[in-house]
Structures are given as structure tokens and as C-alpha cells.
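Since the structure comes first, as C-alpha cells, the remarks are kept for the end.
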């Protein structure tokens, strides 16, 4: 993913926070991340001034999602069960937020379905690589960290910029543009990961 190159810089910010939350079970952190994502999706759907609440809860969801694995490693309690829980919750979190965007007044059902297809296929190709005995594949332009950062940015843009344009009577807001990008980037990433996987088998 694009943000992998900034991981070390992010760790300098996250390490002190990880230590402060180290007394909490990593699975509890994963659950809280999921709850925050669900609330973000609900508030995005409600639109208007609720977008600010969606913006805040997306940040909290992203932060807690970054912390659960770091806390597990810090406490030396990483496990396959925890990893599975984290990835399942990540997919539900993705869907909660994307569905909130899709069915908001700023979204579009077709754009949303396209985005969901791209996101799920990206995730599937990454974990399928590991299931076949290869390394988990995080390559491409549509990793989860990239998506969360874009959602945070665009939720703020959508709050301040309510204008839109129309193509064939379809109103397209900033949110719709982001959903289209998730669909395009997600499917390109999925195809790239597929060929990487096929080449290495």
C-alpha cells in the first residue's frame, strides 16, 4: 500500500499511545474499532452536520485499528485467532462506513456497489495469497490504511463543499468521486495482486 513508506513515521506517533492503552485486551480494541466504524457509517448516512461526527468516529476507528496489533505484539500475545478477528472486523468496518457513504444524500448505489466490489476483492486477493502458502500481499494502490486516510479527508471535504455536478442526471458529490476511486483502485489492486500471486505459485 502507498502508506507503507510512512509506517516508521506513524510508529513514532503510535508507540506512546500504544503504551497508554497496553492495559486493554487487543481484542477489546478491535471491537471498539468496529463500533466506531459502525457509528461513523450511521452518521455519514445522516449527512449534513452529522458528517463532523462521522469524521471523528472514522479517526477513532482507524486509530484503534492501528493499535490492536501493536498492543498484542507489545504484550507478546499475538495469535492467529486475534489476527482472524482483526481481519473479519476490518471487513465489517469497511462495509459499515462504505454503506453509510453509499446511502447518504451524497452517495450513489451503483458507485457504492462498485466500491464494495473493489474493496472486498482487494482484501480477498491479499489473504488468498497467504492461504496458498505465499506471503500476505499488501501491494497496490488501495490498501486499507490508504482508504481510511482518504475517507477521513473526503468526509471533511464533503462537510465544507456541498456543491456537486451532474452527468446524465446523476448527481456526483465528493463522496461519489471517492466511491468511484475505491472501485477503480480496488479492482486494479486486486488484478495486480492476482497476477503477483499467479506468478509466484
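The values are calculated or read from the model by the stated rules, or taken from the named source; none is laboratory data. Quick caveat, the model's predicted, so the values are computed rather than measured. Counting neighbours? That spans all protein chains shown, and the Cβs are built from the backbone with ideal geometry, glycine included.
A count restricted to the stretch 93-125 and to residues that are part of a helix (DSSP H, G or I), over 19 Å from residue 150 (Cβ atoms) and in contact (Cβ under 8 Å) with a residue 24 or more places away in the chain stands at 2.
Listed by first and then second residue, the pairs with beta-carbon distance under 7 Å, at least 6 apart or on different chains, first residue in the stretch 151-171 and in a loop (DSSP other than H, G, I, E, B), second surrounded by fewer than 16 Cβ atoms within 10 Å (Cβ to Cβ), are 164/171. When we screen 149, 116, 157 for residues that are under 21 Å from residue 66 (Cβ atoms) and either surrounded by 14 or more Cβ atoms within 10 Å (Cβ to Cβ) or at pLDDT 95 or above (or both), the only hit is 149.
Is there a residue in the stretch 65-80 that is surrounded by fewer than 19 Cβ atoms within 10 Å (Cβ to Cβ) and either modelled with pLDDT of 90 or more or within 11 Å of the chain's Cα centre (by Cα) (or both)? Scanning the stretch 65-80 turns up no residue that is surrounded by fewer than 19 Cβ atoms within 10 Å (Cβ to Cβ) and either modelled with pLDDT of 90 or more or within 11 Å of the chain's Cα centre (by Cα) (or both).
Looking only at the stretch 89-117, how many residues end up being more than 12 Å from the chain's Cα centre (by Cα) and farther than 22 Å from residue 164 by Cα? Quick ask: steps written out before the conclusion?
Looking only at the stretch 89-117, we keep the residues that are more than 12 Å from the chain's Cα centre (by Cα), and these are 99-114, 117.
Right, trim to farther than 22 Å from residue 164 by Cα and you get 117.
Residues flagged as more than 12 Å from the chain's Cα centre (by Cα) and farther than 22 Å from residue 164 by Cα within the stretch 89-117 amount to 1.
Among the residues of the stretch 183-201, is any outside any loop (DSSP other than H, G, I, E, B), within 20 Å of residue 42 (Cβ to Cβ), out of contact with any strand residue (DSSP E or B) (no Cβ under 6 Å at 6 or more places or on another chain) and at pLDDT 95 or above? Looking through the stretch 183-201, none of the residues is outside any loop (DSSP other than H, G, I, E, B), within 20 Å of residue 42 (Cβ to Cβ), out of contact with any strand residue (DSSP E or B) (no Cβ under 6 Å at 6 or more places or on another chain) and at pLDDT 95 or above.
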